[in-house]
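**Q** My structure is below; once you've seen it, I'll send some questions.
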2 protein chains.
Amino acid sequence: MGQTVIQYVLSRLKDLGVTEAFGVPGDFVYPVCDAICDDPNIQWIECANELNAGYAADGYARTKGVGVVVSTYGAGELCVFGALGGAHAENSKVVHLTGMPGLNEQAGNFRTHHMIADQQPNYGLFIDMVKPLTAGGDGAVMITPENCVYETERLIAAMQYHSKPINFCFPRDMIDKSPIMPDGELSIPLANPQSNQDTLDAAVKDIFESVAGAKQSCILPGYLLRRYGCVSEAKAMIEASGLPFFVGLQDKSILSENHPQFAGLYMGRWVGMADDSLSDWVEACDCIIGLGPENHEFNNAFHTMQYDFKGTINIMPHSTRVGMAQYDNVEMKDVLTALAQAIPKSDQASLPAYTGSVGAPTGDAKDVITYEPFYERVGALLRPNDILISDTAITAVLGIPRMKLPEGVDVEAQTSWGAIGWGTPAVLGNALAAPDRRCIIVAGEGGHQLTANEMGTFYRYGAKPIFLTVNNGGFHGERVTNRYPDEEYNDLAQWNFADIPAAMGCEDWYTTKVTTLGELDAALAEAEKAASGVYIEIIIDTWEIPQGGDWLFRGTGALFGMPTRTWDGWLKEMAAKQK
Amino acid sequence: MGQTVIQYVLSRLKDLGVTEAFGVPGDFVYPVCDAICDDPNIQWIECANELNAGYAADGYARTKGVGVVVSTYGAGELCVFGALGGAHAENSKVVHLTGMPGLNEQAGNFRTHHMIADQQPNYGLFIDMVKPLTAGGDGAVMITPENCVYETERLIAAMQYHSKPINFCFPRDMIDKSPIMPDGELSIPLANPQSNQDTLDAAVKDIFESVAGAKQSCILPGYLLRRYGCVSEAKAMIEASGLPFFVGLQDKSILSENHPQFAGLYMGRWVGMADDSLSDWVEACDCIIGLGPENHEFNNAFHTMQYDFKGTINIMPHSTRVGMAQYDNVEMKDVLTALAQAIPKSDQASLPAYTGSVGAPTGDAKDVITYEPFYERVGALLRPNDILISDTAITAVLGIPRMKLPEGVDVEAQTSWGAIGWGTPAVLGNALAAPDRRCIIVAGEGGHQLTANEMGTFYRYGAKPIFLTVNNGGFHGERVTNRYPDEEYNDLAQWNFADIPAAMGCEDWYTTKVTTLGELDAALAEAEKAASGVYIEIIIDTWEIPQGGDWLFRGTGALFGMPTRTWDGWLKEMAAKQK
């Protein structure tokens, strides 16, 4: 018997490097699960639920290029939407495989389980619903033997072109059929996009002239370089230019922080996060070359970046903008490669190399743990080539960007989508994508609760990350950004976090709960030695605030008509009230 | 200061009996959370994640009429979709309140966090996406001061009319504005639907004649009676008719099982679940009067019900069908009320009263636990007015329907949507909706894993259900319905379930793990006495199968080309292989 529909699709996903698939089984999707289990080159990874499986596929995709999530129809499928939204926002290549009622049931117009209660069964409803979350807004399709080859190729090309999720929905009874092979060559939209040579020449010339004519220039590489496989081309271009480069929050770790031209974080006027003198320098540039950074409030320091847009260049995946001029149909890789040859070498004085603002560990062993000493210890824990997951947690976001990373460390975060709890399943994906690399996650306990039921999966599949779960008594990111820090919805059910891994079956894990720096140091020393997974619950007082947090508190205070408030001021007010 | 936009919406939800709101906070929705916390008549219930909050609101709505779930934009909102799909499928009145970027951000065309990475920001994308899951396909709207009053009334009317979810999406900066009160009377579509009197008369006459002319008749009341507040009208009509009534899987407990006219479950030819002699009797009827039962394969015993469609009547919420004649614009309540006056009293011989097929507890204290003795003990545990949640788990589905329920017991299940894991958050909703009633949930450990992170919430808010978590070594419902029972995706990470409540902070709960009938009996005796929540992990061997499961196994065997297989046969094959 020849290849089946699902075997064809899986073979193409394996061509892209996929060796694991994350999912939750269900009857409409059984034959997909079966085919994965039958395939010696793809490991089925059973997740605790569908959202988690989607986040895990996202984490995997960030490290390995493409990630796969499998769910059943409707009841399973809709639960993946949150992960697909995140993958779309963050340009992560997630492939969603779902099953659906067979063509037999569809022909009979039967209402099956896992359907909504419409007057007329609409089997394709969830495909229609998911489309906006997929590549090009049209990256979801029902796969039949007839369209299998064409649609598989079309969807994969769209995923690669847009760096967005795609969705294959298989009628139950078509999955094991033989695909009908098309006659002749297929014409696949968006496959192998080519630059228009004339446009490319013009764009490169325009950039050359902008840089040559500028008094002061810098480069802002963005995380899209990695999604489009252009990191080495960007490095060559940056080195040819001799210009300093800076990164925003979302772009941390895209290039080596030990590179002599790396000048630091550009974080606008975010007090506690930004270095004002660096921001002054960047904003004094009359030429700023972006290599795909994105403009949203978490990457533009809440709109506090102040530069002349006309003096900016942005080299995007398939287009380049130079000031007000738009050049379409030029590929990022081609522009960077051409610039590496053409860009004038800067004779600007070089800027000091980046050092980070998180120092070596300080504090006494008996001290309770506060944020800065915690960050100092995370910084000290890092080794070259670690993967560091910064969960959507103020605890992670306000510390990790300020650390100077050892060579090869990748920081992964969901900077624009910002789903709390994303990190726990995502690090499962990272860990299985790169079994030879150490994975460390910094999470707040609030977000962690959303997805902590994934813990058992780590043990089952031998993933051994280091969990640094900061228990600071609630949703701290919300505490410092909402109306009143003591609003009851900032509080959580009181879990005993250090007991969670064992309760979920992580039998040999090193788990502990620490409240002092001495305990934290001892636990981290154990973590360095552990052959198992590690889970450290780190207690930080509810009313502590990390550096960079007070600025958010003041800013959101202004939003709520409380312009003069500070965190310290608020604490004093509360203390006075309690007397 | 007068009422704000959110206060207006909340006041209307309170009019419908809402006293709790389930949710996860987030910045775009802070003012909604604030307004709930400020309102002495609505309790904020913080859930572990958004999907769980949606399931909890669904459980609450089933018991109290209307349930509310709150989430933030995008990253939170998309995670509720699974729960909204379920609420749509099961006609549960769930109100979803979300925040979104303010009109200020929308005017600036800013890309904010929690958005997907489209070329142009489309703030209303998630509203468009959710619409098919809402009442009438159009029950989701962006609420502004201008449209607040009209749209609130329109959505509530649509929710009541269709018994489906609705979605209010609030721009952050409009939530605390004053709504603009409309001049004059509003005309609200679908509010106070009225029967057309001529159609009503004709429909009732047609039913009268059908019943009067029939040799043998029966009634199939459906769960929609409860959703539309028509239970007492249905009871009056049934009593006036003198006809026996039967229920399908989804309709269990809709009317008292102690009613002298209740004749049993009608489960087609589901071996182990159906009573063939009853199915023969039902199918010999030349007049079958449905009071809104739904036709999907979980409620029609996988298409094994065999009767003449032309001899059936179905009284639906807003229409009635008599044989092939359709009567639109007749309200269920009016049809039932009229029939209670008009229907001829049957002179059929009465059928024996229902006894159920789950007996009194049997087995020795030293016996390991198997399914039937477990069901016998669940049956014996039930007291009048309990709420019994049957999670989407074969362990629950194959036992609970066969129990004869004490007076006033409600069984809640997600019979058509069938999301595994729904029950754990749903019972939180049930418990908070009816604090004076005892809630018992039967769940399989596989589904329970999906949503078990909700456990801490029970303790935080004082909900004290009895959890009967059957740990049978994996996804048992999948084991008996897929290709090979030992497929690896039927297995799970090995949790220590009995440790979960304590790890999530349920400090004083009675929790235990039992493997023998004696241990189970002792644990249930403790459960009867407990003033706290109760969590019993019940171990049943992986290769046991509940009554009614073998028929599924044979049926799905046929689907996979294995028509002669039986569970016992398969076990013997496996044993032989291992020798």
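**Q** Leaving ligands, DNA and RNA out of it, report the carbon-plus-sulfur percent of the accessible area of segment B:131-221 at a 1.4 Å probe. Can you show the working numbers first?
**A** On the way: 1950 of 3970 Å².
The computed percentage sits at 49.
**Q** Next question, about the same structure. Going 7 Å from Cα along the Cα-Cβ axis for the label, what nanometre distances separate B:GLY17 from the same residue across the other copies?
**A** Copy-to-copy label distances at B:GLY17, shortest first: 5.6 nm.
**Q** Same structure again: Tell me, what % of the accessible area of segment A:346-429 is carbon and sulfur with a 1.4 angstrom probe? Working shown, then result.
**A** On the way: 1520 of 2730 Å².
It is 56 percent, rounded to a whole number.
**Q** Taking beta carbons within 10 Å but only from partner chains, what does the mean come to for residues B:452-464? Write down the numbers at each step before the final one.
**A** Working: counts 6, 14, 3, 3, 6, 3, 1, 3, 4, 1, 0, 0, 0.
For this peptide, the per-residue mean of nearby foreign Cβ atoms is 3.
**Q** I've got another one for you. Please report the antiparallel percentage of the DSSP beta bridges confined to the protein assembly as shown, to the nearest 5.
**A** Values: 16 of 128 bridges.
The antiparallel proportion sits near 10 percent.
**Q** Is the C-alpha gyration tensor of segment A:118-180 telling us rounded, prolate or oblate? Criteria: a/c under 1.5 is rounded; beyond that, a/b larger than b/c is prolate, otherwise oblate. Walk me through the numbers on the way to the answer.
**A** On the way: a/c = 2.96, a/b = 1.11, b/c = 2.67.
Cα axes put segment A:118-180 in the oblate bin.
**Q** Identify, among B:GLY213, B:PRO132, B:VAL247, the residue whose Cα sits farthest towards the positive end of the charge dipole of segment B:112-259, taking +1 on the Cβ of Lys and Arg and -1 on the Cβ of Asp and Glu, with the dipole about the Cα centre.
**A** B:VAL247
**Q** A further question follows. Could you list the residues of segment A:460-504 with an amide nitrogen less than 20 Å from a label point located 7 Å from the Cα of A:GLU573 in the Cα-to-C-beta direction?
**A** A:475-491
**Q** What list of ³J(HN,Hα) values in whole Hz, one per residue of segment A:331-347 in order, does the Karplus curve 6.51 cos²θ - 1.76 cosθ + 1.60 (θ = phi - 60°) give from phi, with Gly and Pro shown as x?
**A** Rounded to whole hertz, the list is 7, 3, 4, 5, 5, 5, 5, 5, 5, 4, 7, 9, 5, x, 6, 6, 10.
**Q** Antiparallel versus total DSSP beta bridges in chain A: what percent is that, nearest 5? Don't skip to the end; give the middle numbers.
**A** Values: 8 of 64 bridges.
Of the beta bridges lying entirely in chain A, close to 10 percent run antiparallel.
**Q** Considering every residue in A:113-124, what mean count of other chain Cβ atoms within 10 Å of its Cβ is obtained?
**A** Values: counts 12, 9, 7, 13, 14, 5, 0, 0, 1, 1, 0, 0.
Mean number of neighbouring Cβ atoms from other chains: 5.
**Q** When Cβ neighbours within 10 Å are restricted to other protein chains, what is their mean count per residue of peptide B:67-74? Write out the running numbers ahead of the final one.
**A** On the way: counts 0, 0, 0, 1, 1, 4, 1, 7.
Mean shielding by partner chains, rounded to a whole number: 2.
**Q** Please compute the modelled spin-label separation between B:GLU283 and B:ASP38, points set 7 Å along Cα→Cβ, answer in nm with one decimal.
**A** My value for the distance between the label points is 6.3 nm.
**Q** Nothing charged except the Cβ atoms of Lys and Arg (+1) and of Asp and Glu (-1): what's the magnitude of the dipole of chain A about its Cα centre? Round to the nearest 20 debye.
**A** Numbers: 40 positive and 72 negative charges, 113 e Å.
Taking the Cα centre of chain A as origin, the dipole is about 540 debye.
**Q** Could I ask something else about it? I'd like to know which of B:GLY229, B:PRO373, B:PHE497 lies farthest towards the positive end of the charge dipole of chain B, counting +1 on Cβ of Lys and Arg and -1 on Cβ of Asp and Glu.
**A** Checked the options; the winner is B:PRO373.
**Q** Separate question: Apply 1/(1 + (r/R0)^6) to the Cβ-Cβ distance of B:ALA380 and B:ASP436, taking R0 = 25 Å, and write down the FRET efficiency to the nearest 0.05.
**A** On the way: r = 22 Å, r/R0 = 0.89.
Given R0 = 25 Å and the Cβ-Cβ separation, E is 0.65.
**Q** Mind checking which of B:THR511, B:ILE441, B:THR457 is farthest towards the positive end of segment B:441-577's charge dipole, using Cβ charges of +1 (Lys, Arg) and -1 (Asp, Glu) about the Cα centre?
**A** B:ILE441
**Q** Counting other Cβ atoms within 10 Å, keep those with at most 11, restrict to DSSP loop, and tell me which trypsin sites (Lys or Arg not before Pro) in segment B:324-426 are left. Don't jump to the answer; show the numbers that get you there.
**A** Details: sites: B:LYS333, B:LYS345, B:LYS366, B:ARG377, B:ARG402, B:LYS404; in loops: B:LYS345, B:LYS366, B:LYS404.
Qualifying residues, ordered by number: B:LYS345, B:LYS366.
**Q** Taking the label point 7 Å from Cα in the Cβ direction, how far apart in nm is A:GLY561 from each other copy of itself, listed shortest first?
**A** 7.2
**Q** Now for a different question. Rounded, prolate or oblate: which fits chain B when a ≥ b ≥ c are the square roots of the eigenvalues of the alpha-carbon gyration tensor, with rounded for a/c under 1.5 and prolate only if a/b beats b/c?
**A** Values: a/c = 1.81, a/b = 1.16, b/c = 1.56.
Oblate is the answer for chain B, as a/c is 1.5 or above yet b/c matches or exceeds a/b.
**Q** Let me ask another. Find the accessible area per residue for the protein assembly as shown; the probe is 1.4 Å, ligands and nucleic acids are left out, and the unit is Å². Please list the in-between numbers first.
**A** Details: 39200 Å² over 1158 residues.
Using a 1.4 Å probe on heavy atoms only, each residue of the protein assembly as shown averages 34 Å².
**Q** While we're on this one: Where a ≥ b ≥ c are the square roots of the eigenvalues of the C-alpha gyration tensor, would you call segment A:489-531 rounded, which needs a/c under 1.5, or, failing that, prolate if a/b is larger than b/c, or oblate?
**A** Details: a/c = 3.50, a/b = 1.29, b/c = 2.72.
Cα axes put segment A:489-531 in the oblate bin.
**Q** Further question: For segment A:402-521, what is the charge dipole size about the Cα centre, in debye to the nearest 20, if Lys and Arg each add +1 at the Cβ and Asp and Glu each add -1 at the Cβ? Each step should come with its number before you reach the end.
**A** Details: 9 positive and 16 negative charges, 63 e Å.
Result for segment A:402-521 is approximately 300 debye, rounded to the nearest 20.
**Q** Further question on the same structure: Which order do the peptides A:17-30, A:443-456 take when ranked by the mean count of other beta-carbon atoms within 10 Å per residue, highest first? Could you put the intermediate results ahead of the total?
**A** Numbers: A:17-30: 24.6, A:443-456: 27.7.
Answer by packing, highest mean first, reads A:443-456, A:17-30.
**Q** Measuring from centroid to centroid over Cα atoms, what is the spacing of segment B:456-519 and segment B:59-131 in Å?
**A** 31
**Q** Run the quick spin-label model on B:PHE302 and A:PHE208: label points 7 Å from Cα toward the beta carbon, then report their separation in nm to one decimal.
**A** Between B:PHE302 and A:PHE208, the label points sit 7.2 nm apart.
**Q** Roughly how big is segment B:1-114's charge dipole about its Cα centre, with Cβ charges of +1 (Lys, Arg) and -1 (Asp, Glu), in debye to the nearest 20?
**A** Values: 6 positive and 12 negative charges, 59 e Å.
It works out to roughly 280 debye.
**Q** Under a cut-off of 13 Å between alpha-carbon atoms, report the aspartates and glutamates in cross-link reach of B:LYS366, not counting same-chain residues fewer than 8 places apart.
**A** By straight Cα distance, B:LYS366 reaches B:GLU519, B:ASP521.
**Q** In deg cm²/dmol and to the nearest 500, what is the mean residue ellipticity at 222 nm of chain A if only DSSP H runs of at least 4 residues count, each as -39500 (n - 2.57), divided by the residue total?
**A** Values: 22 runs with 205 residues, N = 579.
So the helix-based figure for chain A works out to -10000 deg cm²/dmol.
**Q** Provide the FRET efficiency to the nearest 0.05 for the A:ALA558-B:ASP347 pair, computing r from the beta carbons and using R0 = 56 Å. If you can, show how the numbers build up before the last one.
**A** Values: r = 79 Å, r/R0 = 1.41.
E between A:ALA558 and B:ASP347, to the nearest 0.05, is 0.10.
**Q** What's the ranking of A:224-231, A:114-121 by average number of surrounding C-beta atoms within 10 Å, highest first? Let's see the in-between values first.
**A** On the way: A:224-231: 21.2, A:114-121: 17.8.
The packing order, highest mean first, is A:224-231, A:114-121.
**Q** Under 17 Å Cα to Cα from A:LYS93, which lysines show up? Leave out anything in the same chain fewer than 8 places away.
**A** A:LYS14, A:LYS64, A:LYS131, A:LYS164
**Q** Sticking with this one: What is the gain in length, in nm to one decimal, between A:ASP276 and A:ASP367 on full extension, counting 0.36 nm per residue of separation less the C-alpha to C-alpha distance?
**A** Working: separation 91, 0.36 × 91 = 32.76 nm, distance 3.12 nm.
Result for the pair: 29.6 nm of gain on full extension.
**Q** In addition: Run the label-point distances for B:LYS215 please: 7 Å along Cα to Cβ, every other copy, nanometres, shortest first.
**A** 10.3
**Q** Once the Cβ-Cβ distance between B:ALA325 and B:ASN147 is put in as r, and R0 is 35 Å, what FRET efficiency do you end up with, to the nearest 0.05? Please list the in-between numbers first.
**A** Details: r = 40 Å, r/R0 = 1.15.
So, using R0 = 35 Å, E works out to roughly 0.30.
**Q** Using θ = phi - 60° and the Karplus curve 6.51 cos²θ - 1.76 cosθ + 1.60, what whole-Hz ³J(HN,Hα) does each residue of segment A:316-328 get, with Gly and Pro shown as x?
**A** Values per residue, Gly and Pro as x: 9, x, 10, 7, 9, 10, 10, x, 8, 8, 9, 10, 8 Hz.
**Q** Nearest 100 Å², what total accessible surface is buried between chain A and chain B (probe 1.4 Å)?
**A** In total, chains A and B hide about 6600 Å² from solvent.
**Q** Sticking with this structure for a sec: Please list, in order along segment A:259-265, the HN-Hα scalar couplings obtained from phi with the Karplus expression 6.51 cos²θ - 1.76 cosθ + 1.60 (θ = phi - 60°), rounded to whole Hz, x for Gly and Pro.
**A** 5, x, 8, 6, 9, x, 7
**Q** Can I ask one more? Measure off 7 Å from each Cα along the Cα-to-Cβ vector at A:GLN119 and B:SER232, then give the distance between these two points in nanometres to one decimal.
**A** 3.2
The values are calculated or read from the model by the stated rules, or taken from the named source; none is laboratory data. What you see is a predicted model, and the numbers here were worked out from it, not measured in a lab. Quick reminder, even Gly has a Cβ in these numbers, built from the backbone with ideal geometry, and neighbours come from all protein chains shown. We work out accessible area using only protein heavy atoms, side chains counted, and drop any ligands, DNA or RNA first. Shrake-Rupley method; radii C 1.70, N 1.55, O 1.52, S 1.80 Å.
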